[in-house]
1. Evaluate the distance, in nm, between pseudo-label points positioned 7 Å from the Cα of ASN149 and of GLU20 along their respective Cα→Cβ axes.
2. How many angstrom lie between the Cα centre of region 312-333 and the Cα centre of region 153-188?
3. Enumerate the residues in region 191-215 having an amide nitrogen under 16 Å from the point lying 7 Å beyond the Cα of ARG331 toward its Cβ.
4. Cross-link partners among aspartates and glutamates for LYS32, C-alpha distance below 14 Å, same-chain residues fewer than 8 apart left out?
5. Please work out the FRET efficiency for the pair LEU259 and LYS60, using the Cβ-Cβ distance as r and a Förster radius of 22 Å; give the result to the nearest 0.05.
6. In the neighborhood of LEU69, defined by Cβ-to-Cβ distances under 12 Å, what is the net charge if each Lys or Arg adds +1 and each Asp or Glu adds -1?
7. Run through all the Cα pairs of region 136-285 and give the fraction in each 10 Å bin from 0, expressed as whole percent.
8. With only Lys, Arg, Asp and Glu charged, each at its Cβ (+1 for the first two, -1 for the last two), find how big the charge dipole of the chain is about the Cα centre; round to the nearest 20 debye.
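Nothing in this text is a laboratory measurement; each read-out follows from the coordinates by a stated rule. Since this is a predicted model, take the numbers as computed values, not measurements. Because the Cβ atoms are built from the backbone with ideal geometry, glycine has one as well, and the counts that use them run over all protein chains shown.
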Amino acid sequence: MTTNQSISMKAVVMEKYGAEDAIQIRQIPKPKISENEVLVEVYAAGVNPIDNKIRLGKMKPLLTFKLPLILGADIAGVVVETGSKVSKFKKGDAVYACLSASKMGAYAQYVPVNENDLALKPKNVTFEEASSIPLVGLTVYQAFHDVANLAPEQKVLIKAGSGGIGTFAIQLAKAMGAEVATTTSTENAGWVKKLGADHVIDYKTRKFEEVLNGYDVIFHTVDGESTERGLNILKPGGHLLSIVGPPDAKFARSNGLNLFLQWLCGLIGWKINRLSGKAGVHYTFVFVTPSGRQLDKIRSLVESGKIKPVIDRIFEMDQAIEAFSYVALGRSKGKVVLRIRDEQ
């Protein structure tokens, strides 16, 4: 076990809910760790749409935070300190993790991480590339593996295949042996085919629900598009998976939300559950759970070359506001990353 060499660090801090002026770069106390945690010096952190949703207060019904808050869920870096009961990691290990949505904290020079949420970084990628993986990787893995039980030769539609989550989802679905269709714009059609998509629908010229049928899974990732769109292409017993809602009572119960929120989520999710039931398919609102064990499985896929991280742009830590604004446009090809420190 080592001791902290300094008592402060730089972090991207959300002072209040609201517009871009809610974000400040500040010097704050360096965090301390508990007996089951490691302290990670962060080299890079992935930027995700949920950061903007939290900043604008859109996640308040599901997630409440004590302000000021350090945003960010994806990290890659090096272990600099270990708690007294930590057995899986040691000082100097290169690691990556998805932090708990209830805590966040990635956009800082140091962050404490429970050892069960942590995994060794894939050896064949940079820290920037590794930091682009955890949130999207776990979200997709849990959706396809844990919920839909995606099997070889099954058919999956991944909406918005050129985005940060879509690029990973295409590759994972192909690694699992599935037949993959995706939606994207004309200019990105060839690119998503290279990622592994078997069928590409240009959403500007065609409606996927008019050309696809007999699918086992729909992975809905497009904010602002009706979740129920495309139910008709699913086989009986198929799965509609959504990361953008609506949440429902099943999600609320499984995440231990109080009775009022269970009732509220049940009300919000009533329509999609009714329509799904009528179509004879299953609906699940997917909300990621940190897991070092699953990140280890993803690491193996990355090291074997079955999945390659896709990065659109890398911003410096002091450009955090610009990074959030860029992600908010919804046009990135792959992930956006904040560089917290240079690799040595």
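1. In this crude label model, ASN149 to GLU20 measures out at 4.8 nm.
2. 23 Å
3. 204
4. Qualifying aspartates and glutamates at Cα under 14 Å: GLU41, GLU81.
5. E(calc), rounded to 0.05, equals 0.75.
6. Net of charged neighbours comes to +3.
7. Final binned percentages: 12, 42, 34, 10, 1.
8. For the chain, the charge dipole is close to 480 debye.
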